[in-house]
Amino acid sequence: MTKMIADSTIEQHNGERLDTLRADYTRLGEQLARRGIDIETVKDRVAGYGVAVPSWGVGTGGTRFARFPGQGEPRHIFDKLEDCSVIQQLTRATPTVSLHIPWDKVSDVAELRERGNALGLGFDAMNSNTFQDQPGQPLSYKYGSLSHSDAATRSQAVEHNIECIEIGKQLGSRALTVWIGDGSNFPGQSNFTRSFERYLEAMKQVYAALPDDWRVFTEHKMFEPAFYSTVVQDWGSNYLIAKELGPKAFCLVDLGHHAPNTNIEMIVARLIQFGKLGGFHFNDSKYGDDDLDTGSIDPYRLFLVFNELVDAEVRNAPGFEPAHMLDQSHNVTDPIESLMVSAMEVARAYAQALLVDRKALAGYQEANDALMGSETLKVAFRTDVEPILAMARVESGGAIAPVDCYRTAGYRTRVASERPAATAGGGGIV
Ligand SMILES: [Mn+2]
């Protein structure tokens, strides 16, 4: 296996911190035991948890005003895979990469698969792109793609999605994520009903091309790039799509794609209840689709989402198999550092949700004890689970403090000398 960070660097890093970690872990284990929780069980479940890294996330993002490239930016998908492998090597929480076509298109897909495998990475859901025009593309998506008024443009978008499935099949992926920028900027610009009918008809063609063991995830978003209406604007429309398409179709929840203050954890619960939660694009948001680092603004909301996920996990909710992916734009940080911290934030929310006393919570809910219901969640959320996360990392070869270890290893400086300053590449804000 190809390793971008030397084992010796990680071993030295951990060696300097292991005694402290063991003491913290033992102390937390005693505290949890008093609450009837076995720390080893929690650690094992955290160790088995993985969130996919988006290939586009390792490049510096941007806004509609500007993009300020960082040092040593990946030039192509093979560089991106190396960066993704650093995240996985140090955090052990990101075993797969989610690719984006055409940004990650290569002439030799088998080579891409081999390179990923050599770096210890698998391939998660494929992401199609009909929200931009590509060089040489015959028909424009300026006025939409899968819902376009022109049948030939819709066909072109359908064919692109089928191409993504074909590439994914060669990589060992088993899901396609579809997000469209289709919508309108003015009342009267498009007909809500006819646009949605055209979208459904096009998606049925994409669905028909799915292999038996594949799933398709549709992603809703309330606004942007269209600012008056979008064709797939909310979870209600998304649920209708999944129902219309069939059993392999599920809804994807991007945390940033809702109005401010929307109760996202409740949307998650509804989709789980009706067997249509496909997965997540994790990020955080202050105002809109800010694509900020997961857990950087509202870690309690992230915990509440995971509280619903663990609730479904422990009661074996039918059809519950959500795909977890990060989807962020890193404008002012080193993307590798942001993605490492974000992956750990997702794992932290999972660990905290595992600590919820569900029997007590159900009792308080039955008794209408609002205060203690809330406190039961807060007790889990307030628990510092860092020793559990760090121990899970160490035991699988990762680093106790991934960002420290990454900086010590000097990876960014090294690749900056190998990779000429890049200017191309999508901002990757989807
Ligand atoms: Mn997304």
Subject >> Gaussian network model of the chain, springs between alpha carbon atoms under 10 Å - residue of G144, G295, G172 with greatest fluctuation >> reply: G172
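Quick one: compute the contact order of the chain, relative version, from alpha carbon pairs under 8 angstrom and 6+ residues apart, as a percent. Could you put the intermediate results ahead of the total?
Values: 787 pairs, mean separation 95.3, N = 430.
Dividing the mean separation by the residue count of the chain yields 22 percent.
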**OP:** Per residue of the stretch 263-276, in order, report the coupling 6.51 cos²θ - 1.76 cosθ + 1.60 (Karplus, θ = phi - 60°) as ³J(HN,Hα) in whole Hz, putting x for Gly and Pro.
**Re:** 7, 5, 4, 6, 4, 4, 4, 4, 5, 5, 4, 9, x, 10
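Taking 35 Å as R0, compute the FRET efficiency from the Cβ-Cβ separation of K359 and Y228 and round it to 0.05. Intermediate values should be presented prior to the final figure.
Details: r = 48 Å, r/R0 = 1.37.
It comes to 0.15.
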Original post:
Taking other Cβ within 10 Å of each residue's Cβ, how do M340, M222 sort, fewest first?
Top reply: M222, M340
Original post:
Which whole-angstrom value gives the distance between the alpha carbon centres of the stretch 256-334 and the stretch 164-196?
Top reply: 20
Original post:
HN-Hα J couplings of the stretch 235-252 from phi, Karplus 6.51/-1.76/1.60, θ = phi - 60°, integer Hz, Gly and Pro as x?
Top reply: 5, x, 4, 4, 5, 4, 4, 4, 5, 5, 6, x, x, 8, 9, 9, 9, 9
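What's the extension gain from A151 to K105 if we count 0.36 nm per residue and subtract their Cα-Cα distance?
Numbers: separation 46, 0.36 × 46 = 16.56 nm, distance 2.56 nm.
Fully extending the segment from A151 to K105 adds 14.0 nm.
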Original post:
Of A353, V379, T413, which is farthest on the positive side of the dipole of the stretch 285-425, counting Cα position, with +1 on Lys and Arg Cβ, -1 on Asp and Glu Cβ, and the Cα centre as origin?
Top reply: T413
Subject >> Test item: Cα-centred dipole of the chain, Lys/Arg +1 and Asp/Glu -1 on Cβ, debye >> reply: 260
Original post:
Along the charge dipole of the stretch 75-148, Cβ charges K/R +1 and D/E -1, which of Q134, L81, V109 sits furthest on the positive end?
Top reply: Q134
**OP:** Could you pull out the chymotrypsin sites (Phe, Trp or Tyr not before Pro) across the stretch 266-348 that fall in loop regions by DSSP (anything but H, G, I, E, B) with no more than 16 other Cβ atoms inside 10 Å?
**Re:** F274, Y287, F320
**OP:** Name the residue, out of P69, P135, P402, whose mean-square fluctuation peaks in a Gaussian network model built on the chain with Cα pairs under 10 Å.
**Re:** P135
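How big is the charge dipole of the stretch 33-174 about its Cα centre, in debye rounded to the nearest 20, if each Lys and Arg gets +1 on its Cβ and each Asp and Glu gets -1 on its Cβ? Spell out each step's value before the answer.
Details: 16 positive and 17 negative charges, 110 e Å.
Using Cβ point charges on Lys, Arg, Asp and Glu, the stretch 33-174 gives about 540 debye.
Quick note: the coordinates plus some simple rules give every number you see, no bench work behind them. Every value quoted in this text rests on a predicted model; they were computed, and no experiment measured them. Cβ coordinates were reconstructed from backbone atoms using ideal geometry, including for glycine residues, and neighbour counts include every protein chain displayed.
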